[in-house]
1. Hey, what did the chain get for relative contact order, percent, Cα under 8 Å, at least 6 apart?
2. Label residue 269 and residue 192 with points 7 Å out from Cα along Cα→Cβ: what is the distance between them in nm?
3. Along the charge dipole of the chain, pointing to its positive end and built from +1/-1 on Cβ of Lys, Arg, Asp and Glu, which listed residue (89, 100, 146) has its Cα farthest out?
4. Which of rounded, prolate, oblate describes the chain, given a ≥ b ≥ c as roots of the alpha-carbon gyration tensor eigenvalues and a/c under 1.5 marking rounded, otherwise prolate only if a/b is larger than b/c?
5. With just the Cα atoms defining each centre, how far is region 197-238 from region 13-58? Give it in Å.
6. If I model a spin label as a point 7 Å beyond the Cα along the Cα-Cβ vector, how far apart are those points for residue 252 and residue 205 in nm?
7. At residue 259 and residue 181, where each label point lies 7 Å from the Cα along Cα→Cβ, what is the point-to-point distance in nanometres?
8. Working out 0.36 nm times the residue gap between residue 280 and residue 125, then minus their Cα-Cα distance, what length gain in nm do you get to one decimal?
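Please treat every number below as a calculation from the coordinates, not as lab data. Since the model is a prediction, treat every value here as computed from it, not as a measurement. Because the Cβ atoms are built from the backbone with ideal geometry, glycine has one as well, and the counts that use them run over all protein chains shown.
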Amino acid sequence: MQVKERHSWEILRDYLEQDDSQGLNDYLSALTGEQSLRAITRLEPEEQQSIMARLSPESAAEFIEYIPTEPAADLLGELSPEVAASIVSEMDSDDQADVLAELEEEDLEEILRYMDEREAGEARQLLAYDEDVAGGLMMTEYFSYPKAFRTGAVLQDLARREEEYELHNVHYIYVTGRGRKLLGVALIRDIVFAAPETRLTEIVRPAVTVRDNMPLDELENLFGYDLHRSFDDIHDDYKYTYASQDTVPQCLIAFLDSENYEDAIRMVISLGGNADAMANITGGIAQAYYQFIPIELITEATEYLPNKFLKVLEEFDNRFVNR
């Protein structure tokens, strides 16, 4: 007799009924982002609240990341301010600001009151920025090292801070001089391939700096990206090009106008042009945002891949996704 495989949301309900908080934490931590999102959206709001109350702050913060901003704020608002504050403290600063901005003023102040004074101050600072200025895009987490540091020492320190490093998806570090004055940035790639005794001053690059109150349209002009157009505006006139200024914005616009992962991919491919590269760019952004790829697309795509590619995908998922 064939045993019917149980769905993840059914298993979550079992843990709730059994009041098994440890099992609930362990099970959710073993799911991928797509699996978590699929399970969570099948649960009733009351069940989602029950799960939040039973998770550790770290697990609850990850749980929140899989939920759209407004429902996530609703969930936090239903918890006690002390519990909500412990969860918010585990979130990245940009995610913090997005969710806290959706709360009622009274709920927001109660949560901030239970947070660490420094963290609450940083959250207030980010919340004070309008959405249409550069400050609204800021994060308060970063890595910086004095200019005299050698690349080998930097890599050792990053290895010791592996969990923090992977959480913030770091591509560069800040290099500072006397009085912690910013001198520039060093790319992780350059640090890895430099000799261990190389000092950061030998590989530092100039940093692009902007005012925190710079409007986003000026920021877009600075980097050569115009994101004010809609997908319909660019669809009929788009032509094949390799230039990033005429490729990346189109990918971003396709994502911004999409409703789900598949929609984003179909839209950007319909532009023609350098479609495979543009689908790669848009797909990466869409998966990170929607946290879900339809299983039928995964099944179809993997049928075309050789075993060595499938092995690479499996190793990547085990290291970065199934955490």
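1. Numbers: 341 pairs, mean separation 44.0, N = 323.
Reported as a whole number, the value is 14 percent.
2. Between residue 269 and residue 192, the label points sit 3.0 nm apart.
3. 146
4. rounded
5. The distance from the Cα centre of region 197-238 to that of region 13-58 comes to 39 Å.
6. 1.7
7. Going from the residue 259 label point to the residue 181 one covers 5.5 nm.
8. Result for the pair: 52.3 nm of gain on full extension.
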